[in-house]
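The values are calculated or read from the model by the stated rules, or taken from the named source; none is laboratory data. Values in this document were obtained by computation on a predicted structure and should not be read as measured data. Glycine also receives a Cβ, built like all others from the backbone with ideal geometry; neighbour counts cover every protein chain displayed.
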Amino acid sequence: MMPNLTATMLSGMLSGTLSGTLATLCFTVSFTCATASAGELYLLGLVPQAYAEDVSDNGQVVVGHDPQSYWYWTPTTGVVQLLNTIPPGNGAGGQGCITADGRYMTCSTLQGDLQKAEATIYDIQLAKFRSIGSWGYNCDIERTGAWGMSNDGQHVVGLGWQIGCAARGFVWNEGDTALTDLGTLYFYKPTRANAVSDNGGVIAGWNDDYTGWRQAAAWIKNAQGVFVQTNISAPPSPGSTIPIKMPEAGVVSGNGQWVYGIGRSAYAGGGAWRWSPATGVQPVGTNPTTDIGYVVAANFDGSRVLCFYGMMGSSGSYMWTPKRGYVSLAQLASEASVTIPQGWTLNLPLGMSEDGLSIVGTAFGPNGSSPFVLDLRPTAQFCTADFVANGSVDAQDLAVLLSQWGNVGGQADLNADGSVGPQDLAILLGQWGPCL
């Protein structure tokens, strides 16, 4: 790591070293203050259309994609490309999601004799891919794409193709022999599932209507285990009798209480919104700007909501809490003693940890864009040996390391030398105790 870099040094290092895809990345750039209480900002490389999309609860594992592949990042390994994957924009859709413990991530891989893309779970620890399957039909090269995953990896949601290029939202559950079709409320119009609650009982997404409007949709499992769909509308504007169809929903709080989506100018000035069966549509606080709000993440009870305003974050990025309202990421970084290099903005956040102290997305600077990892924790050191993500390095983590002793790579390869051995044990013992 290279602390206290100036903007001039940053520009020279990134533009002179990185090009093409994240596969060319040979180091991680970090920015820290001299105090021990400082957080950190990592810029992962100047790569167009590269996005950090999700992060584990302890902030140690980040997943995303670029035009060439899906990838994951840790402080010790840097960016690791999954070269056998098919990222969005190559005839397939989906996005990278990571489990709370940082072990499993979603991606797409080519399957079968026809080599069609299917939603896949990748085990980072064992370096193994597992397709979750499809209905046997494809549109372009895709059969299924994963758009959301529960924190424990037991539930995956997304879009699957049926005969005649009919798109349907689906949910897959660990142990199922087939995908569950979530259906549609507009005959033959497509649906997609974007997010799922921790217990798999509440799903958020969209349903195209007959005019092509991508309306927010929620699927809630009833007592019989059947998902019941609701297409989300707000009450009519004053003087109108027509309900306001809300745009695409993309986030569910972990406890399933709230569904969140993209704002619409006809409702509450276009700000971010949330919905529950009990309350209907509500604004998420008082809008920080006059632009459209996009919710991208929420924690278990909805007390932390991550969002940006304006297309690609052109009007800023924010964390919302009931106590503080909207606080910009620039302000949160300043409070954690993180210096954002001159000319750079963190305007496109896409994911956060449960505690809101690790935020990931895409940053924009004078020479292009870069995936970013913003660590707001009061110490600049990642607790890389906290394998079980319980906030400390202890006997449980030691047991994980010993179980992998001699393995080729994997979660316990802390020094990234290709095997688990004495050097990794030394790193673990050096981090023994609470992470914070």
message: Looking for something in contact with a Phe, Trp or Tyr (Cβ under 9 Å, 6 or more places away or on another chain), modelled with pLDDT of 95 or more and on the phi > 0 side of the Ramachandran plot - is there at least one such residue anywhere in the stretch 150-157?
response: yes
message: Here is a list: Pro371, Pro341. Which entry is touching a Leu at 6+ places or on another chain (Cβ under 7 Å) and assigned to a loop (DSSP other than H, G, I, E, B)?
response: Pro341
query: How many residues are touching a residue at least 24 places away in the same chain (Cβ under 8 Å), surrounded by fewer than 23 Cβ atoms within 10 Å (Cβ to Cβ) and among the hydroxyl-bearing types (Ser, Thr, Tyr) if we restrict to the stretch 327-353?
result: 4
- prompt: Of Gln49, Gln81, Gln68, Gln60, which residue is in a strand (DSSP E or B), among the polar types (S, T, N, Q) and assigned by TED's automatic domain parsing to the domain that holds Thr362?
  reply: Gln81
query: For the stretch 108-123, how many residues meet the condition of being in contact with a Cys (Cβ under 9 Å, 6 or more places away or on another chain) and either aromatic (Phe, Trp, Tyr) or crowded, with 24+ Cβ neighbours inside 10 Å (or both)?
result: 3
- prompt: Does Ser370 qualify as being free of Cβ contacts under 8 Å to residues at least 60 places away in the same chain, crowded, with 21+ Cβ neighbours inside 10 Å, in contact with a helix residue (DSSP H, G or I) (Cβ under 9 Å, 6 or more places away or on another chain) and not assigned by TED's automatic domain parsing to the domain that holds Gln431?
  reply: no
field: Number of positions in the stretch 279-310 that are part of a loop (DSSP other than H, G, I, E, B) and within 17 Å of the chain's Cα centre (by Cα)
entry: 4
Residue match in the stretch 126-134 (condition: assigned to a loop (DSSP other than H, G, I, E, B) and either under 23 Å from Ala416 (Cα atoms) or assigned by TED's automatic domain parsing to the domain that holds Asp397 (or both)): yes
- line: Those residues of the stretch 268-303 which are touching a residue at least 40 places away in the same chain (Cβ under 8 Å) and among the small types (Gly, Ala, Ser) amount to Ala272, Gly280, Gly285, Ala297, Ala298, Gly302
- request: Considering only the stretch 60-117, state which residues are among the aliphatic types (A, V, I, L, M), in contact with a helix residue (DSSP H, G or I) (Cβ under 9 Å, 6 or more places away or on another chain) and more than 28 Å from Ser392 (Cβ to Cβ).
  value: Leu83
statement: Lys323 passes all but one of the listed conditions (1) over 20 Å from the mean Cα position of the chain (by Cα); (2) outside any loop (DSSP other than H, G, I, E, B); (3) free of Cβ contacts under 8 Å to residues at least 40 places away in the same chain; the exception is number (2)
